[in-house]
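Working notes for the structure below.
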Amino acid sequence: MSIKQFLVYKMLKRWEKRDLKTLAKQEIPDGIKEFSGIPYVDDGHRGHLLDIYYPENAAGKLPLIIDIHGGGFLYGYKESR
């Protein structure tokens with residue numbers, strides 16, 4: 001492993017550790033329904049799953065927000081958002 005590869009590896013591990021600490025503090029607000037792990041490609045890859053959140057008492061049409069994980073194809077999954 002080159003020094004560059006080593007430094008990138010250490011940097012990514014540090015980021016991942018920080019992200020996991022942040023994630024542990026997050027909670028879904030009251031009144032929000034969650035459907036998690038819905039495959040949008042039928043290949044079994046954990047990176048091809050989506051989550052849907054919506055208000056429990058919603059009626060009619062709702063706006064849609066799409067959040068695409070910005071890991072830069074270097075590290076992380078949606079769990080580290």
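Rounded to the nearest 0.05, what FRET efficiency is calculated for GLN5 and TYR54 with R0 set to 41 Å and r the Cβ-Cβ distance?
Working: r = 43 Å, r/R0 = 1.04.
Efficiency computed from Cβ-Cβ geometry: 0.45.
With a cap of 12 neighbouring Cβ atoms within 10 Å, and only residues DSSP puts in a loop, list the chymotrypsin sites (Phe, Trp or Tyr not before Pro) found in segment 1-70. Please list the in-between numbers first.
Numbers: sites: PHE6, TYR9, TRP15, PHE35, TYR40, TYR53; in loops: TYR40.
Here the sparse-neighbourhood loop sites are TYR40.
So for segment 3-68, averaging the separation of alpha carbon pairs under 8 Å that are six or more residues apart and normalising by length, what relative contact order in percent results? Each step should come with its number before you reach the end.
Details: 36 pairs, mean separation 16.1, N = 66.
So the answer I get is 24 percent.
In whole Å, what three semi-axes, largest first, describe the equivalent ellipsoid of segment 1-51 built from its Cα gyration tensor (square root of 5 times each eigenvalue)? Before the final figure, lay out each step's value.
Numbers: eigenvalues 188, 77, 4 Å².
Semi-axes (√(5λ), whole Å): 31, 20, 5.
None of the figures in this text is laboratory data; all of them are computed from the coordinates on show. Here the structure is a predicted model, which means the values were calculated and not measured. Glycine also receives a Cβ, built like all others from the backbone with ideal geometry; neighbour counts cover every protein chain displayed.
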